[in-house]
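The values are calculated or read from the model by the stated rules, or taken from the named source; none is laboratory data. The structure displayed is predicted, hence computed values, not measured ones. Positions of Cβ are generated from backbone atoms using ideal geometry, with glycine treated the same way; all protein chains shown enter the neighbour counts. Note: areas computed on protein heavy atoms with side chains; ligands, DNA, RNA excluded. Shrake-Rupley method; radii C 1.70, N 1.55, O 1.52, S 1.80 Å.
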Amino acid sequence: MKRERRVAEAVEPRHKDPMTLTLSPVDASPIVAARDILRRTFGHAEFRGLQAQVIGEVLAGRSAMAVLPTGGGKSLCYQIPAMMRPGLGLVVSPLIALMTDQVAALTQSGVAAARLDSNVEPEDKAETWRRIDAGELDLLYVSPEGLMQPWMLDRLGRTPLSLIAIDEAHCVSQWGHDFRPEYRMLGRLAELFPTVPRLAVTATADARTRDDIRAELRLLDGAEFVDSFARPELVLSAERKRGGADKRVIELVTARPGRSGVVYAGSRDKTEKLAEALRAAGVPALAYHAGLDKRLRETRLEDFLQADAAVMVATIAFGMGVDKPDVRFVIHADPPGSIEAYWQEIGRAGRDGETAEGITLYGAADMAWALRRIDGREMDAAVKQVQVRKVRQLYALLDGAGCRAATVRRYFGEEAVEACGQCDLCAGTVETTDATEAAQKALSAAARLGGRYGRGRLVDHLLGKTKDVTEQEKSLSTWGIGTELSAAQWRDLTEQLLFEGLLREDPNDGRPLVGVGDAEAVRAVFRGELRVAMRKPPEGYDPSTRSGRPRKRTREAMASLGPADQPLFEALRAWRAAEAKAQHVPPYVIFHDRSLAEIAAARPASHAALARVNGVGEAKLEHYGAAVLAVVAGFAGP
Ligand code: ADP
Ligand code: ZN
């Protein structure tokens with residue numbers, strides 16, 4: 001396995017029981033048995049990160065919460081204990097797509113799993129209940145509202161349960177970014193099933209959300225496992241929107257041909273428009289948003305999952321539970337809502353551990369809009385304040401000058417975090433110069449103009465180029481004092497001063513007016529106590545021609561695959577596509593690209609050699625071994 005082991009971080013499991021405070025080593029034998037299942041059923045050599053510890057805790061019959069990054073392997077944390085402990089393992093999941101995918105993948109690996117949700121046919125439901133009653137099923141996936149129906153609880157109350165897993169547990173917290181009221185009911189599980197261990201898992205939760213999850217789900221006595229949020233496979237970048245932001249998105253996508261990606265846009269309309277423009281540019285792009293007919297949404301999701309290279313242009317309605325492992329880029333055509341949302345949305349790229357990109361376009365107008373939306377909402381003043389801070393923290397990250405990955409990890413409470421070395425800011429494409437004097441000019445001009453005009457007029461004023469200028473404006477001391485900078489530079493600086501709160505924009509029904517912001521900070525700028533550093537555009541920067549060429553540092557996906565192995569890899573993918581089509585499942589539930597790449601490189605000639613490939617467990621070996629070996633044999637040299 002080439003993937004780096006993730007380092008378990010800072011937060012130690014917290015036990016209330018003084019007997020376990022010393023972190024008594026988990027009894028080794030259950031973990032040995034668990035590793036055996038990891039190898040035989042799932043085909044993975046070793047546990048990753050905190051998996052073994054979380055599994056040990058659940059196997060010991062204790063409840064816990066685990067916060068692992070996207071792609072960190074959360075599902076095995078409950079799947080393996082559910083297979084080992086007597087009884088049925090319940091998995092609460094917020095989305096049908098997520099359940100369908102996991103059940104398909106488990107079935108492929110020979111695990112007895114099923115789901116009960118509104119989409120399941122009555123006869124399939126009856127069969128599932130028969131298997132439950134016969135004790136044949138290891139895992140049952142249910143929605144929160146499905147689980148909490150009285151008849152369901154009653155029936156499960158008479159069924160021996162091995163554990164209850166609550167997936168995407170951050171949905172329970174209103175401090176998080178994806179609050180789902182129906183998750184609140186899950187707190188009752190503690191008293192309904194007092195002897196069943198409960199495991200809450202999530203990929204995103206700052207300290208406050210974590211505390212909220214544990215309180216709401218009554219897990220305060222349980223251990224808390226928090227893995228590092230590092231995602232070394234993600235190459236992050238962000239850029240301010242300039243004129244023609246949609247064109248920029250098309251540029252970025254077309255510069256990444258033959259790859260799967262997600263483009264997030266802020267409105268339904270925009271997803272349709274962008275998808276159409278992308279199709280016109282020859283990209284197989286689909287739009288996805290909550291306004292589409294459910295059927296259509298499902299077929300589009302399926303098309304995206306099945307495709308080897310497709311681009312989904314979507315609102316945030318698309319996402320949770322989209323486990324396509326080979327998404328190579330996520331582009332935010334409009335910025336996300338918070339750092340949590342950023343990490344989760346960007347995190348949908350590179351789940352297979354291969355290099356992937358996260359690119360965000362943002363502007364001060366987006367920030368103003370986000371703040372205004374919060375302002376208009378009816379909620380607790382305290383909640384509002386937290387939401388406003390989250391927005392500000394997001395834009396500080398996007399427009400800031402420090403390593404992006406490190407900023408996110410610190411935000412999630414990690415300590416002693418090192419710079420990632422590969423984001424745009426680490427790679428040093430963004431340089432800054434001191435712009436305090438220019439900022440003073442812009443601030444004076446804004447003050448003199450008295451908040452009556454928009455950004456364009458402010459820039460024209462500084463340059464002394466305002467059309468239809470009044471004598472009164474011409475007589476102001478700031479008229480034409482800024483000829484040392486270009487209009488584009490003034491626009492950039494204005495944008496930055498808005499981000500920093502030195503200027504403020506009054507939305508004025510879509511025709512925003514610029515005025516002076518935080519008085520205290522503005523005074524500090526005039527006294528020279530607060531310096532303003534402006535981003536220098538990269539050498540030779542020309543927004544109209546700057547292409548979206550992938551960054552130099554980006555390693556090609558599947559770097560391990562030499563050109564000589566490429567034809568075999570493609571042949572294996574073709575075999576997989578046919579197999580997936582015949583079974584009506586996404587290709588990656590059969591084998592991940594990574595497994596196929598390993599096979600193409602290793603060219604196994606026997607079942608035993610094939611079994612050593614990552615992701616090839618016993619069931620898959622039995623089902624597909626002969627076919628895969630035949631494809632490989634077809635490529636054997638003379
Ligand atoms: P998430 O934490 O995002 O829910 P998943 O449980 O879907 O992640 O796992 C992400 C991917 O990592 C899956 O393809 C899974 O097979 C793989 N995986 C999980 N655990 C291991 C492991 N110990 N070794 C190798 N691959 C693993
Ligand atoms: Zn970095």
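Accessible area, 1.4 Å probe, largest first: how do HIS592, HIS289, HIS623 sort?
HIS623, HIS592, HIS289
In whole Å, how far is the Cα centre of region 308-339 from that of region 121-144?
Rounded to whole Å, the Cα centres lie 32 Å apart.
How big is the gap, in Å, between the Cα center of region 571-595 and the Cα center of region 453-496?
59 Å
Extension gain HIS623-ASP246, at 0.36 nm per residue separation less the Cα-Cα distance, in nm? Kindly include the intermediate steps, with their values, before the conclusion.
On the way: separation 377, 0.36 × 377 = 135.72 nm, distance 4.63 nm.
Extra length from HIS623 to ASP246 when fully extended: 131.1 nm.
Roughly how many nanometres apart are two label points built 7 Å out from the Cα toward the Cβ at ALA207 and ALA396?
1.4 nm
Relative contact order for the chain: what is it in percent, counting Cα pairs under 8 Å that are at least 6 residues apart? It would help to have the intermediate numbers written out before the result.
Details: 1064 pairs, mean separation 89.6, N = 638.
Across the chain, relative contact order equals 14 percent.
Starting from the Cα of TRP369, move 7 Å in the Cα-to-Cβ direction to define the label point; list residues of region 307-341 whose amide nitrogen is under 18 Å from there.
313-318, 331-339, 341
Over the heavy atoms of ASP468, what accessible area does a 1.4 Å probe trace out, to the nearest 10 Å²?
The value for ASP468 is about 130 Å².
Write down the accessible area per residue of the chain in Å², having rolled a 1.4 Å probe over the full set of protein chains.
Heavy-atom accessible area per residue stands at 44 Å².
List every residue whose amide H lies under 5 Å from the amide H of ASP326, counting only residues 5 or more places away in sequence or on a different chain, with H placed 1.01 Å from N in the peptide plane.
none
Run the 1.4 Å probe and let me know the accessible area of ASP212, rounded to the nearest 10 Å².
It works out to around 30 Å².
Quick one: Karplus J couplings for region 628-634, per residue in order, coefficients 6.51, -1.76, 1.60, θ = phi - 60°, nearest Hz, x for Gly and Pro?
Whole-Hz 3J(HN,Hα) from phi for region 628-634: 5, 4, 5, 4, 4, 4, x.
How much length would be gained if the chain were fully extended between ASP36 and ARG511, taking 0.36 nm per residue of separation minus their Cα-Cα distance, in nm to one decimal?
Once the chain is fully extended between ASP36 and ARG511, it gains 164.6 nm.
In the chain, with Lys and Arg counted as +1 and Asp and Glu as -1 at Cβ, which of these residues, THR466, SER93, ALA438, has the Cα nearest the positive end of the dipole, that is, farthest along it?
Selected residue: THR466.
Can you say what percent of the DSSP beta bridges in the chain, counting only those with both residues inside, are antiparallel? Round to 5.
Values: 9 of 57 bridges.
That works out to approximately 15 percent antiparallel.
What value, in deg cm²/dmol to 500, does the helix sum -39500 (n - 2.57) over DSSP H runs of n ≥ 4 give at 222 nm once divided by the residues of the chain?
So the calculated ellipticity at 222 nm is -12500 deg cm²/dmol.
For the chain, build the charge dipole from Cβ charges (+1 Lys, Arg; -1 Asp, Glu) around the Cα centre, then report which of MET379, THR41, THR355 sits farthest towards its positive end.
Toward the positive end, the furthest listed residue is THR355.
Search the structure for amide H atoms under 5 Å from the amide H of ALA165, placed 1.01 Å from N in the peptide plane, and list their residues when 5 or more places away or on another chain.
Amide H to amide H, under 5 Å and 5 or more residues apart or across chains, ALA165 pairs with LEU90, VAL91, VAL92, LEU199.
Work out from phi, with θ = phi - 60° and the Karplus expression 6.51 cos²θ - 1.76 cosθ + 1.60, the ³J(HN,Hα) of each residue of region 487-497, listed in order in whole Hz, and give x for Gly and Pro.
4, 4, 5, 5, 4, 4, 5, 4, 4, 5, 5
Between TRP151 and ARG531, what FRET efficiency comes out of the Förster formula 1/(1 + (r/R0)^6) with R0 = 41 Å and r the beta carbon distance, rounded to 0.05?
Approximately 0.05, to the nearest 0.05.
Within the chain, what whole-number % of the accessible surface is contributed by carbon and sulfur, with the 1.4 Å probe and all protein chains included in the calculation?
51 percent
So what J values fall out for region 406-422 if you push phi through Karplus, 6.51 cos²θ - 1.76 cosθ + 1.60 with θ = phi - 60°, rounded to Hz, Gly and Pro as x?
5, 4, 4, 5, 5, 4, 7, x, 6, 10, 6, 8, 9, 5, 6, x, 10
Any idea of LYS474's accessible area? Nearest 10 Å², probe 1.4 Å.
100 Å²
By its C-alpha gyration tensor, with a ≥ b ≥ c as the square roots of the eigenvalues, how is the chain shaped: rounded for a/c under 1.5, else prolate for a/b larger than b/c, else oblate?
The shape class here is prolate.
Once you charge only the Cβ atoms, +1 for Lys and Arg and -1 for Asp and Glu, what is the size of the charge dipole of the chain about its Cα centre, to the nearest 20 debye?
860 debye
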